[in-house]
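Trainee: Please see the structure below; I have some questions.
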Amino acid sequence: MNSAAPSTSDSDVNSSIPVPLEDTVLVRDKIIQHCHLTEVTENGAAKMRLNMKRSPFVEAGWVRLWQAPEDSVIDRLYHLYIGGPGNDMNLMYAMTRIDSAVPHFLMHYNLNPPGVWSYHIDLAPKVDPVMYPDYWRNAYSPLSTITESKPFKSILTPRIQADRKQYLSTWGLYGKEVGQVEYETVRDQAMPFYVDHFLQLCDQFSFDQVDQAYLRERGEQVMDMLLAREMDVRGWGRFDALFGAEVTDQVRELCRRELKT
């Protein structure tokens, strides 16, 4: 069942649980509105509700899903949210079509005020950087304007699980359990730049040095790995502890599933 409106208030769809902080919602809704996405709902609510695995099985989160018009380079956008006292965890992907060279957009905010702030923003590439350097120059080099600016040169080198790095870009910004000042610098200065660049790619970017067969084959493999358990052992492990392994696998499958084929 699809909602008629391009976006719906988180409080309207999920009135029984906390709602995400505006930090994530503003980014998500900008992409939704720019790309004319339509929400895919389940009986008028979030596509998937997340209840704690132990009694009294409190609802503590959800997965919301949006689909794009047929002529869009975006396939789907999903927003995974877990909330509760002192916690606001968000994972959001704008997934581009499997036959499009436009990178996926990734945003991960985890806020535990007042002392623990984490973030990850990136564009997950669709084309090999060694074989096709022009792809990286055209799709990613503009991001250097922000990543090489003074506020971000002081940020320590990101430390991401080693076997995940090959599926991400070197322009990604990642901070785990950082101070509020660093988090807010990324949120207020880097994130708007990344979002605007991604939307510009959606509107204008093309790359004709690879064919659709290449994009499909590589895209399937990358998608399998991005959402594989072994790519984020701790993250999915925490999810198992909260909601159970079966629910974790259902979420992974929902996020992985292509809406356009």
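The values are calculated or read from the model by the stated rules, or taken from the named source; none is laboratory data. Quantities reported herein were computed from a predicted structural model and do not represent experimental measurements. All Cβ positions, glycine included, derive from the backbone under ideal geometry; neighbour counts span all protein chains shown. Heads up: the accessible areas ignore ligands, DNA and RNA and are worked out on the full protein's heavy atoms, side chains in. Shrake-Rupley method; radii C 1.70, N 1.55, O 1.52, S 1.80 Å.
Trainee: Report, in deg cm²/dmol and to the nearest 500, the calculated mean residue ellipticity at 222 nm for the chain, where each DSSP H run with n ≥ 4 adds -39500 (n - 2.57) and the sum is divided by the residue count.
Mentor: Taken over the chain, the calculation gives -10000 deg cm²/dmol.
Trainee: What does the accessible area per residue of the range 197-237 come to in Å², with a 1.4 Å probe and no ligands, DNA or RNA counted?
Mentor: Computed with neighbouring chains in place, this is 57 Å² per residue.
Trainee: Further question: Run the quick spin-label model on SER144 and GLN250: label points 7 Å from Cα toward the beta carbon, then report their separation in nm to one decimal.
Mentor: Spacing of the two 7 Å Cα→Cβ label points: 4.7 nm.
Trainee: Taking a 1.4 Å probe, which of ASP75, ASP203, ASP23 shows the most accessible area, and what order do the others take after it?
Mentor: So, going from the largest accessible area down, we get ASP203, ASP23, ASP75.
Trainee: To the nearest 0.05, how large is the calculated FRET efficiency for ASP208 and GLU59 if R₀ is 51 Å and r is the Cβ-Cβ distance?
Mentor: That gives a FRET efficiency of 0.60.
Trainee: Starting from 0.36 nm per residue, how many nanometres of slack lie between ARG218 and ASP128 once their C-alpha separation is accounted for?
Mentor: This chain segment gains 31.5 nm when fully extended.
Trainee: So for the chain, averaging the separation of alpha carbon pairs under 8 Å that are six or more residues apart and normalising by length, what relative contact order in percent results?
Mentor: For the chain, the relative contact order is 17 percent.
Trainee: Can you tell me the Rg and the Dmax, both Å, for the Cα atoms in the range 207-261?
Mentor: So, for the range 207-261, Rg and Dmax equal 14.3, 45 Å respectively.
Trainee: Sorted from largest to smallest, which semi-axis lengths in Å does the alpha carbon gyration tensor of the range 163-222 give for its equivalent ellipsoid, taking the root of 5 times each eigenvalue?
Mentor: Here the semi-axes work out to 29, 17, 7 Å.
Trainee: I need the Debye-formula profile for the chain: one equal scatterer per C-alpha, no solvent, reported as log10 I(q)/I(0) at q = 0.11, 0.12 1/Å, two decimals.
Mentor: Scattering profile of the chain, log10 relative to I(0): -0.59, -0.72.
Trainee: If I model a spin label as a point 7 Å beyond the Cα along the Cα-Cβ vector, how far apart are those points for THR38 and SER72 in nm?
Mentor: 1.1 nm
Trainee: A further question follows. Relative to 2.2 N^0.38 Å, what does the C-alpha radius of gyration of the range 15-103 come to as a ratio? Two decimals please.
Mentor: Relative to the rule-of-thumb radius for its length, the range 15-103 sits at 1.18.
Trainee: Which order do the peptides 228-237, 89-98, 56-65 come out in when sorted by mean C-beta neighbours inside 10 angstrom, highest first?
Mentor: 89-98, 56-65, 228-237
Trainee: Which percent of the accessible area of the chain is formed by carbon and sulfur heavy atoms (probe 1.4 angstrom)?
Mentor: So the carbon and sulfur contribution to the accessible surface is 52 percent.
Trainee: How large is the dipole of the chain about the Cα centre if only Lys and Arg carry +1 and Asp and Glu carry -1, each at its Cβ, rounded to the nearest 20 debye?
Mentor: Details: 27 positive and 36 negative charges, 119 e Å.
Dipole size: approximately 580 debye.
Trainee: Cβ neighbours within 10 Å, averaged per peptide: list 243-256, 99-112, 204-217 in order, most packed at the top. Mind dumping the intermediate values first?
Mentor: Working: 243-256: 16.1, 99-112: 21.4, 204-217: 12.6.
In decreasing order of mean packing, 243-256, 99-112, 204-217 become 99-112, 243-256, 204-217.
Trainee: Which semi-axis lengths, in whole Å and largest first, follow from the square roots of five times the eigenvalues of the Cα gyration tensor of the range 47-98?
Mentor: 29, 11, 7
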